[in-house]
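The values are calculated or read from the model by the stated rules, or taken from the named source; none is laboratory data. From a predicted model like this one, the values you see are computed outputs, not experimental measurements. Cβ atoms come from the backbone with ideal geometry, glycine included; neighbour counts cover every protein chain shown.
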Amino acid sequence: MHCNCSYSDKNIFLPKETEILKVEQPTELEKHFTLKMKDGATMAFAPGQILEVSLFGYGEIPIGFASSPTRKDSFDIVVRSVGRVSKAINKLEKGQSVFVRGPLGSGFDLDKLRGHDVLIIAGGIGLCPTRSLIQYIMDRRSEFKKFTLFYGAKDPSQQLFLSDLANWRKSNDVDYYETVDKGDEKWTGNVGVITTLFKKTQISPDTRAVICGPPVMFKFVIAELDKVGIPRSNVYVDLERRMKCGVGKCGHCQINDKYVCVDGPVFSYADIEHLEEAL
């Protein structure tokens, strides 16, 4: 019997079964899964929150939601094959099961973004957790002012969500700019690090900026945002890294007095810029 309940505020230590509705492989290392709760519940979450995704006999890994809660029938995750658990998950196919705990952590404070210009800067696999926020803004476009998206990848073969990219390029709802570190014979777009995209558009000092990507990217992006005049209290960073248990028990993700899995993974940059090894 299927329930009409939402899967939230339940036992955070108990994995729940999901069914794989769809599997895509956008790159050599990444698999894109669309999932639904096996018991028919709705996964209630906020953009920026995380899941612990597991297979019995292998273990679990923390992964951010890659779709918006406004799309209620299913939810997406992207898994990169880098270790024992992720490689096992990425062997699964449509119709099989994977288990999840969550949602966990603190997502984006949408009330602080509504009514303002929003700039999202996503590098590499950082597009995955920010896709949840991107879809949310696109689905509730009237709640936000100018929406700008910067996306950078190492090369064209590393780009994710190709159908999304095609839609964003022609959409009137987002000012989309993309770049690759190194192009190929078919690439006609921008070549260079992601900060080269700042010269292609005007960003207001009142913009709320969101950053997610490799740590090396952060300090250069922050420097560009400083030039624009955006206060660091209006810059939000998604630190999806070093997490293990997801509930603040193991200490694996602790940075001074902060736990990335509980206090984050989304932080105001003003709140963490003083922390050692935060970025």
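Observations on the model:
- Residue selected from the range 183-205 under the condition touching a residue at least 24 places away in the same chain (Cβ under 8 Å) and more than 23 Å from the chain's Cα centre (by Cα), by the criterion surrounded by the fewest Cβ atoms within 10 Å (Cβ to Cβ): 186
- Residue satisfying condition, being of a type in the set (Val, Ile, Thr) and either under 29 Å from residue 103 (Cβ atoms) or assigned by TED's automatic domain parsing to the domain that holds residue 74 (or both), within set 207, 201: 207
- Test: residue in the range 149-164 that is more than 23 Å from residue 214 (Cα to Cα) and in a loop (DSSP other than H, G, I, E, B): no
- The criterion of at least 1 residues that are crowded, with 17+ Cβ neighbours inside 10 Å, touching a Pro at 6+ places or on another chain (Cβ under 7 Å) and not assigned by TED's automatic domain parsing to the domain that holds residue 144 is met, among strands (runs of 3 or more DSSP E) falling completely within the range 13-114, by 30-37, 50-55, 59-64, 97-104.
- Of the residues making up the range 115-158, those that are surrounded by fewer than 19 Cβ atoms within 10 Å (Cβ to Cβ), closer than 20 Å to residue 80 by Cβ and not charged (D, E, K, R) are 156, 157, 158.
- Applying a threshold of 6 Å to beta carbon distances and a minimum spacing of six or more residues, or different chains, the list of pairs starting in the range 133-149 at a residue that is over 20 Å from residue 44 (Cα atoms) and ending at one that is part of a strand (DSSP E or B) reads 144/118; 147/118; 148/119; 148/175; 149/120; 149/176.
- Of the residues making up the range 206-234, not one is modelled with pLDDT under 95 and within 14 Å of residue 146 (Cβ to Cβ).
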